[in-house]
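The values are calculated or read from the model by the stated rules, or taken from the named source; none is laboratory data. For clarity, every value in this text was computed on a predicted model and none was experimentally measured. Because the Cβ atoms are built from the backbone with ideal geometry, glycine has one as well, and the counts that use them run over all protein chains shown. Each accessible area value is taken on the protein alone, full model and side chains, heavy atoms only, with ligands, DNA and RNA left out. Shrake-Rupley method; radii C 1.70, N 1.55, O 1.52, S 1.80 Å.
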Amino acid sequence: MLPWGGITCCMSAAALYLLGKSSGRDADILKSVTRLNQLKDLAQMLDTACKVLPFVVTVSGRVGSDTPINCEHSGLRGVIVEEAAEQHFMKQNDSGSWIQDSAQMLAMTKEVPWYLDDGTGRVHVLGARGATGLVLTVASETFEESGRSLVRGTLDYLQGLKMLGVKRIERVLPTGTSLTVVGEAVKDDVGTIWIQRPHKGPFYVSPKSIDQLIANLGIWARLYKYASLGFTAFGVYLIAKHAIRYILERRRLLDFQRRVRAAAAQRLEQDNDGTDGKAEDGPDVVNKDRIMPDICVICLEQEYNAVFVP
């Protein structure tokens with residue numbers, strides 16, 4: 001039987017190693033991107049670096065929009081709003097006990113055109129919802145108790161359900177939030193500058209600075225590396241343990257078979273009349289004709305008359 005535990009550990013170690021290499025590579029890429037201290041310099045840099053595609057930069061500023069969204073529950077103004085509603089209820093399992101569960105009723109996302117502004121210029125951000133590091137603030141979280149009628153509640157109870165209520169969560173990217181964006185800078189026909197996901201390269205929208213992003217990636221790369229080494233060592237230990245055990249079992253089996261054949265040959269010699277046929281039908285014939293002689297493996301003298309079936 002294969003040592004699946006050791007093989008699984010080694011495969012996990014390989015996956016962690018690849019994750020560590022990926023994190024380290026991302027950190028090196030972030031170190032090489034062009035940093036802009038002021039957004040007003042981006043337009044001039046795009047004109048001079050127009051032949052370099054993609055032109056990946058990192059910019060920082062505060063979130064703004066000409067048409068912000070007014071959040072219904074929290075009253076905040078944001079550029080990305082996610083609304084979710086979950087129905088919470090108690091249900092009866094097969095043993096008759098009541099357990100709490102939930103089911104999603106609504107998931108809706110709204111987004112309006114928005115930009116970063118640092119006081120010297122603006123740059124619009126495109127496709128931020130698919131970027132790495134984007135965290136939306138929980139603006140509102142309410143729970144509305146179930147107000148079902150007696151008849152409806154009775155029907156639900158007969159079906160093994162007790163409605164508790166609806167939990168509504170509102171997440172938002174508020175205006176005025178400080179963000180760091182890493183992506184491809186492009187300029188359209190009317191001169192508007194956009195930051196978007198490059199065809200190949202990093203795309204981050206995060207409240208952390210570029211130095212913090214690089215440091216976090218370096219930490220994760222080291223953690224993945226150490227975890228990979230640990231899983232590798234443990235996997236090699238399990239495989240080696242299985243191999244040593246298999247070798248010892250094979251040696252014990254071969255030694256046992258040799259002892260059984262020797263005992264069978266000795267018994268055959270004792271049963272012979274001392275004729276010349278004894279030399280011809282000796283141990284070599286037993287070893288060739290019988291892989292396991294019909295001899296008891298306990299006393300190594302008499303023929304066996306019972307077996308134990310696993």
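Residue by residue, here is whether (1) open to solvent by less than 90 Å² (accessible area, probe 1.4 Å); (2) touching a helix residue (DSSP H, G or I) at 6+ places or on another chain (Cβ under 8 Å); (3) within 17 Å of LEU19 (Cβ to Cβ); (4) hydrophobic (A, V, I, L, M, F, W, C) holds:
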{"site": "VAL205", "(1), (2), (3), (4)": "yes, yes, no, yes"}
{"site": "ILE210", "(1), (2), (3), (4)": "yes, yes, no, yes"}
{"site": "GLY218", "(1), (2), (3), (4)": "yes, yes, yes, no"}
{"site": "SER228", "(1), (2), (3), (4)": "yes, yes, yes, no"}
{"site": "PHE234", "(1), (2), (3), (4)": "no, yes, no, yes"}
{"site": "ILE239", "(1), (2), (3), (4)": "yes, yes, no, yes"}
{"site": "ILE247", "(1), (2), (3), (4)": "no, no, no, yes"}
{"site": "PHE256", "(1), (2), (3), (4)": "yes, no, no, yes"}
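For (1) open to solvent by less than 80 Å² (accessible area, probe 1.4 Å); (2) modelled with pLDDT under 90; (3) basic (Lys, Arg); (4) assigned to a loop (DSSP other than H, G, I, E, B), each residue gets a yes or a no:
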{"residue": "ALA15", "(1), (2), (3), (4)": "yes, no, no, no"}
{"residue": "LEU18", "(1), (2), (3), (4)": "no, no, no, no"}
{"residue": "SER22", "(1), (2), (3), (4)": "yes, no, no, no"}
{"residue": "ASN37", "(1), (2), (3), (4)": "no, yes, no, yes"}
{"residue": "ASP41", "(1), (2), (3), (4)": "yes, yes, no, no"}
{"residue": "LEU46", "(1), (2), (3), (4)": "yes, yes, no, no"}
{"residue": "LEU53", "(1), (2), (3), (4)": "no, yes, no, yes"}
{"residue": "THR58", "(1), (2), (3), (4)": "yes, no, no, no"}
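Checked against the criteria, SER74 counts as over 30 Å from GLY230 (Cα atoms), open to solvent by 20 Å² or more (accessible area, probe 1.4 Å) and touching a residue at least 12 places away in the same chain (Cβ under 8 Å). Applying the set (1) within 20 Å of LYS167 (Cβ to Cβ); (2) touching a Lys or Arg at 6+ places or on another chain (Cβ under 9 Å); (3) in contact (Cβ under 8 Å) with a residue 12 or more places away in the chain to ILE99 leaves exactly one unmet item: (3).
Can SER178 be described as open to solvent by less than 20 Å² (accessible area, probe 1.4 Å) and of a type in the set (S, T, N, Q)?
Working: open to solvent by less than 20 Å² (accessible area, probe 1.4 Å): no; of a type in the set (S, T, N, Q): yes.
Judged against the criteria, SER178 is not a match.
Counting only strands (runs of 3 or more DSSP E) that sit wholly inside the stretch 95-148, those with at least 2 residues that are over 21 Å from ALA43 (Cβ atoms), open to solvent by 50 Å² or more (accessible area, probe 1.4 Å) and in contact with a strand residue (DSSP E or B) (Cβ under 7 Å, 6 or more places away or on another chain) are 98-111, 137-145.
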